[in-house]
Amino acid sequence: MIGLRIYTYNNTSTAARMIDYFNPLVKTATLYTKTTEKYDYKYPDAVSKIENFAYVETCYTNEGEKRKVEYISFGKKIQSGKFLKLTTKGQYVMAWEEIDKKELPEKVKPSLL
């Protein structure tokens with residue numbers, strides 16, 4: 001399992017996300033990022049046909065360590081310059097939410113402000 005974790009670290013592929021999702025050794029974490037204007041790709045939802053937007057961003061842990069993660073915005077583009085708090089399990093993004101810059105951890109602020 002540890003070898004798989006080395007494979008998935010900073011890997012934004014679907015395989016990496018699924019491995020981390022099912023790997024019981026991977027713990028949940030909180031990451032922070034600042035949105036950019038450019039999404040990496042978009043695709044239609046299989047059922048509703050609305051467009052979903054995928055972003056691959058450099059994110060930061062509470063300690064300020066860099067991670068590269070892909071997250072999805074369902075049905076709308078995310079406005080540029082927003083701060084996001086992502087809940088992850090390895091490369092699998094479980095949830096994200098917009099936050100105010102006051103909510104950023106001190107060790108993250110130098111990288112995002």
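Values for this structure:
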{"read-out": "Subset tally (residues that are hydroxyl-bearing (Ser, Thr, Tyr) and in a loop (DSSP other than H, G, I, E, B)) for the stretch 52-67", "value": "1"}
{"read-out": "Residue count for the stretch 1-36, restricted to those that are under 27 Å from residue 101 (Cα atoms), at pLDDT 85 or above and not aromatic (Phe, Trp, Tyr)", "value": "9"}
{"read-out": "Cross-chain or 6+ apart pairs with Cβ under 9 Å, the stretch 95-111 first and free of Cβ contacts under 8 Å to residues at least 12 places away in the same chain, then surrounded by 13 or more Cβ atoms within 10 Å (Cβ to Cβ) and of a type in the set (Gly, Ala, Ser)", "value": "106/64; 109/64"}
{"read-out": "Cβ-Cβ under 8 Å pairs, at least 6 apart or on other chains, the stretch 68-87 side part of a loop (DSSP other than H, G, I, E, B), far side among the hydrophobic types (A, V, I, L, M, F, W, C)", "value": "75/50; 76/53; 77/53; 78/53; 78/84"}
{"read-out": "Considering residues of the stretch 77-91 that are within 13 Å of residue 61 (Cβ to Cβ) and not β-branched (Val, Ile, Thr) only, the residue surrounded by the fewest Cβ atoms within 10 Å (Cβ to Cβ)", "value": "85"}
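Residue-by-condition table, conditions (1) crowded, with 16+ Cβ neighbours inside 10 Å; (2) more than 15 Å from the chain's Cα centre (by Cα); (3) not acidic (Asp, Glu):
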| site | (1), (2), (3) |
| --- | --- |
| 23 | yes, yes, yes |
| 48 | no, yes, yes |
| 55 | yes, no, yes |
| 70 | yes, no, no |
| 93 | yes, no, yes |
| 100 | no, yes, no |
| 113 | no, yes, yes |
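The values are calculated or read from the model by the stated rules, or taken from the named source; none is laboratory data. Everything numeric in this text was worked out from a predicted model, so none of it was measured. Note that each Cβ is placed from the backbone with ideal geometry, even for glycine, and that neighbours are counted across all protein chains shown.
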